[in-house]
Ligand code: PGA
């Protein structure tokens, strides 16, 4: 091995070691939550960005991430950008995730991407069951559960999305819908280390509308209670709020009991906004 290559590899090992040391369980967030429920601020870039844009955005996020303590950061670019973004973030503690995966590890599934492939490209998380996938691709709870299982099989953490439509909210069915989606989508054997839940009211996504503080609080408390009946260690599972979270409302939403971070769409495409939201998770 060339000496320069060896030095680079050793440096990479060093960076990984620092990350491991950095993630000791003693870390807490500003709510005093220990590692398992440290705030997680996750950007869902959706179908946006070519390589140059994605790398530039990742670099801008990396630039501001260094000064943020007590919060875990994650960006989920389109699958085509995962390797580029992972390379751009190699030196900083910002994780990369996928936005969806196939339930199988490989096979005759033209156009699909497996969790193992996402892991190979540098992902550590995968969003599954986003309402846009449930609506655009007819994904059922059973399919979402299979995808979450695939994520675990590949050694990744699943971010399982659930949320009610406006009609369901207006019919007073919000908590029942969340419960049935959780029962149908959370895989067996999930643990706080491999599962994150994102509560995303469908009517709040990309609309600028958000539920009231008591509504978010009731939803998250119910999710925690239902999870308690489905798995052990439910108290340590992070429950993110998603749907029109932005710098102006992040502090209020993140202060709510059982809100352990955010899944951010539109505002994650501007590094300054994403970082401002992350900053409100630390203060
Ligand atoms: P939004 O999207 O922040 O643009 O509302 C959130 C999401 O869909 O994850």
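Observations on the structure shown:
- When all alpha carbon pairs of the chain are counted in 10 Å bins from zero, the resulting P(r) reads 7, 30, 38, 20, 4, 1, 0 %.
- Cα-Cα pairs of the stretch 211-283 separated by more than 14 Å (percent): 58
- Degrees between helix 3-22 axis and first principal axis of the chain (Cα, 0 to 90, nearest 10): 30
- Over the chain, relative contact order from alpha-carbon pairs under 8 Å, at least 6 apart, %: 19
- When each of the peptides 135-141, 275-281 is scored by how many other beta carbons lie within 10 Å of its residues on average, the order from highest to lowest is 275-281, 135-141.
- Cα pair distances of the stretch 123-244 binned at 10 Å [whole percent]: 14, 49, 32, 5
- Alpha carbon centroid spacing (whole Å) that separates the stretch 167-198 from the stretch 203-246: 9
The numbers here are math on the coordinates, done by the rules we state, and not lab data. For clarity, every value in this text was computed on a predicted model and none was experimentally measured. In this analysis, Cβ positions are derived from the backbone assuming ideal geometry, glycine residues included, and neighbour counts consider all displayed protein chains.
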